[in-house]
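Heads up, the thing below is written out as structure tokens.
Here, each number is a calculation from the coordinates, and none is a lab measurement. Remember, predicted model here, so these are calculated numbers, not experimental data. A quick note on method: Cβ atoms are made from the backbone with ideal geometry, for glycine too, and the neighbour counts reach across all protein chains shown.
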Ligand SMILES: Cc1ncc(COP(=O)(O)O)c(C=O)c1O
Ligand code: FES
């Protein structure tokens, strides 16, 4: 069966050019970058070059880039590291109710350690209110952490405005840009961001590699203690092939970003229109314009997400849902509840995320099959009355 | 994660729908995930002669309700009442651990429908007295 992948927000396939760059660093150039002899020096050079490429895509300096094991570690490090390093100044952290669990669960942990956390609510589109943010700032606030773009509904937050407020109040500002990287333009300096989490596997790079951007001069404790790697800030022998792959992925993403954004938005809007016009009682989740180029998220009334995913999977279509039934926790997605959806509507949510390999033919296939799937499930639903 | 039997019951569910003049109707919601199942029974001389269901829920919920209707059709009320969710799971060749609660819905919907039938039946008897 021909399969069609619509879950680029979950992860992306490795670009073949990325793989090609990585391979020599697995076999021939295997040296430990910390070693003094030529093997080590070669590996060190490769890592330095990679750091430069990663820095470039977000407008940073290469010495402000620290490699990590991915977005989750970067979020953990940014939040715990700045919280512990600044605890003499205060114990208050501001975040939002729609963050990725890598941020939310880290904040929950810090609450147990005596920190105080404010979770800003969002409006029906998933946007925070800047006045809310201003009003929640206290003398004890040491960190604001707001995600750049939401992984479920694709909503893009006003990062530049938040950066301004943070600067004005002299509070550190971290953003989880895992979903934004390679999808939209990012510049840490114009945005006024102090710390930024990014990850390789969402941009056609390898899994298990990411970075934390730390603006020069920002005080942060270590999360991973060990050797002197990453300027003594993050111990552990560098994952050279993954670092090389991540850097190549950044380079590729940057090279035709504008073109990619245009193409993806066109496909996205075509898909959204097709779904909304082809199926009654369907609602778009997230913001119509302030959304990631590749994100389509809809709620389909009267039916439940997992049964839609299962039906799609039987046709070879891979998508995702915020339904309780697809999560281990049995609660519908906290993001969908935060934008004000009822449990029942959140249950019937469906996310298609499109990427650089998605074709119009694939979108048409989904648009052709989805109405039938939904009708069949609605006919089975006790909530649906014709 | 699902067995072929679960997929088959999900794709080709048996006895989907409603019974207009059902003798017993049971509707239950899962406290775990919020999903809903509705069961309709037609009963003659203490035997379930027809059964239909509707489900708002995951693939496992649809499959368990479908196979449960097959398991109780033609059975007496006493036999149907003995149906447990583990019997349903066995019949499906197993369910993933996190989907076990879905099968409880089927068991409870059947019990609720029988209870509904009994409560109506008892009042009818009383009226005749
Ligand atoms: C917004 C966001 N933050 C963090 C992560 C975690 O990144 P990683 O999988 O690299 O740990 C993800 C992806 O799963 C994400 O979408
Ligand atoms: S019925 Fe909700 S998870 Fe199965």
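What whole-number value in cubic angstrom gives the convex hull volume per residue for the C-alpha atoms of the stretch A:167-324?
Numbers: hull volume 29.4 nm³, N = 158.
Expressed per residue, the convex hull around the Cα atoms of the stretch A:167-324 is 186 Å³.
Starting with the fewest neighbours, write out A:125, A:8 ranked by other beta-carbon atoms found within 10 Å of each beta-carbon.
Least crowded to most crowded, the residues run A:125, A:8.
Students often check this: by mean Cβ neighbours within 10 Å, which of A:39-51, A:59-71 ranks highest, and how do the rest follow?
Ranked by mean Cβ neighbours within 10 Å, highest first: A:59-71, A:39-51.
Write down the Å³ per residue value for the convex hull defined by the alpha carbon atoms of the stretch A:19-127.
Numbers: hull volume 18.7 nm³, N = 109.
Spread over its residues, the Cα hull of the stretch A:19-127 gives 172 Å³ apiece.
Over what distance in Å are the Cα centres of the stretch A:169-199 and the stretch B:76-103 separated?
50 Å
So what is Rg over Rh here for the stretch A:293-386, counting just Cα atoms and using Kirkwood for Rh?
0.97
Give the angle, between 0 and 90 degrees and rounded to the nearest 10, that separates the Cα long axis of helix B:100-128 from the longest principal axis of the Cα atoms of chain B.
The helix B:100-128 is inclined about 10 degrees to chain B.
May I ask for the distance between the Cα centers of the stretch B:1-47 and the stretch A:1-77, given as a whole number of Å?
52 Å
How crowded by other chains is A:302-309, given as the mean number of beta carbons from other chains within 10 Å of each beta carbon?
Values: counts 1, 3, 11, 1, 10, 11, 2, 2.
The mean count of partner-chain Cβ atoms within 10 Å per residue comes to 5.
At 7 Å along Cα-to-Cβ for each site, give me the label-to-label distance between residue B:115 and residue A:113 in nm.
Calculated label separation equals 4.9 nm.
How high is the relative contact order of chain B, in percent, counting Cα pairs under 8 Å that sit 6 or more residues apart? Each step should come with its number before you reach the end.
On the way: 237 pairs, mean separation 39.6, N = 129.
The value is 31 percent.
How many angstrom lie between the Cα centre of the stretch A:92-111 and the Cα centre of the stretch A:121-167?
13 Å
At q = 0.17, 0.19, 0.22 Å⁻¹, what log₁₀ I(q)/I(0) does chain B have when each alpha carbon counts as one equal point scatterer in the Debye sum?
Debye output, listed in q order: -0.79, -0.96, -1.25.
Relative contact order of chain A, please, whole-number percent, based on alpha carbon pairs below 8 angstrom and at least 6 residues apart.
Computed over chain A, the figure is 22 percent.
For the stretch B:1-71, take the convex hull of the Cα atoms, compute a quarter of its surface area, and give me that in nm², please.
It is 5.1 nm².
Can you pull the Kirkwood radius for the stretch A:257-309, inverse mean 1/r over Cα pairs, to one decimal in Å? Let's see the in-between values first.
On the way: mean 1/r = 0.0826 Å⁻¹.
So the Kirkwood estimate lands at 12.1 Å.
Using the Kirkwood radius over C-alpha pairs as Rh, can you work out the diffusion coefficient of the protein assembly as shown via Stokes-Einstein at 20 °C, viscosity 1.002 mPa s, in µm² per second?
Estimated diffusion coefficient is 85 µm²/s.
Calculated from DSSP H runs of 4 or more alone, at -39500 (n - 2.57) each and per residue, what is the 222 nm mean residue ellipticity of chain B, nearest 500?
When only DSSP H runs of four or more count, the value is -15500 deg cm²/dmol.
Pairing the Cα long axis of helix A:71-85 with the longest principal axis of chain A, what angle in degrees results, from 0 to 90 and rounded to the nearest 10?
50 degrees
Run the helix sum for chain A: -39,500 (n - 2.57) per DSSP H stretch of 4+ residues, divided by residue count, reported at 222 nm to the nearest 500 deg cm²/dmol.
Values: 14 runs with 157 residues, N = 386.
One gets -12500 deg cm²/dmol as the mean residue ellipticity at 222 nm.
How would you rank A:347, A:100, going from fewest to most other Cβ atoms within 10 Å of each one's own Cβ?
Working: A:347 32, A:100 20.
Fewest-to-most Cβ neighbours within 10 Å comes out as A:100, A:347.
Pop a pseudo-label 7 angstrom from the Cα along the beta-carbon direction at both residue A:265 and residue A:88 and give the gap in nm to one decimal.
4.8 nm
Return the average number of partner chain Cβ atoms within 10 angstrom of each residue Cβ along peptide B:21-33.
2
Computed over the Cα atoms, what is the radius of gyration of the stretch A:134-180 divided by 2.2 N^0.38 Å, N being its residue count?
1.19
Quote the FRET efficiency, to the nearest 0.05, computed for residue A:256 versus residue A:36 with a Förster distance R0 of 45 Å and r equal to the Cβ-Cβ distance.
Efficiency computed from Cβ-Cβ geometry: 0.70.
Counting other C-beta atoms within 10 Å, which of A:263, A:3, A:234 has the fewest, and how do the rest follow? Walk me through the intermediate numbers first.
Values: A:263 15, A:3 10, A:234 23.
Fewest-to-most Cβ neighbours within 10 Å comes out as A:3, A:263, A:234.
Taking N as the number of residues in the stretch A:56-110, what is its Cα Rg relative to 2.2 N^0.38 Å?
My calculation over the Cα atoms of the stretch A:56-110 gives 1.27.
Could you work out, residue by residue across B:90-101, how many beta carbons of other chains sit within 10 Å of that residue's beta carbon, and then give the average as an integer? Each step should come with its number before you reach the end.
On the way: counts 0, 0, 0, 0, 0, 0, 0, 1, 6, 2, 0, 1.
Partner Cβ neighbours, averaged per residue: 1.
Based on the Cα coordinates of the stretch A:84-226, what is the per residue volume of their convex hull in Å³?
On the way: hull volume 17.4 nm³, N = 143.
Hull volume normalised by residue count: 122 Å³.
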